[in-house]
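Presented below is the structure to which this report refers.
Every read-out reported here was derived from the displayed coordinates using simple, explicitly stated rules and does not represent laboratory data. From a predicted model like this one, the values you see are computed outputs, not experimental measurements. Methodologically, a virtual Cβ is constructed for each residue, glycine included, from the backbone with ideal geometry; neighbour enumeration extends over all protein chains shown.
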Amino acid sequence: MNGKKIKKQTPIVLKKGMKLATWAKDMGLREKDIQLLRNMAIGQTKGKRGRARELKELLIKDDLWREVG
């Protein structure tokens, strides 16, 4: 490795007592967006481009996203 510490970003909706899919449906998001949120939760998608970035901004706005590590 090159000495950089990797920060993992995760949604914290489960700690708030709400499941990710429930939050997304309440926000009126499509099934495609819910799948993208699931990918973000497990780290496959980072939320840096396109719709993933928009969803990440929604999570930050609702105080449901934080950086871990």
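Roughly what would the spin-label model give for K25 and I42, points 7 Å off Cα along C-beta, in nm?
2.0 nm
What is the local net charge at A24, summed over the other residues whose Cβ is closer than 13 Å to its Cβ (Lys, Arg +1; Asp, Glu -1)?
Taking every Cβ under 13 Å from that of A24, the sum is +2.
Determine the sum of side-chain charges near R53: Lys and Arg each +1, Asp and Glu each -1, restricted to other residues whose C-beta is under 14 angstrom from that of R53.
Counting the neighbours of R53, the net charge comes to +3.
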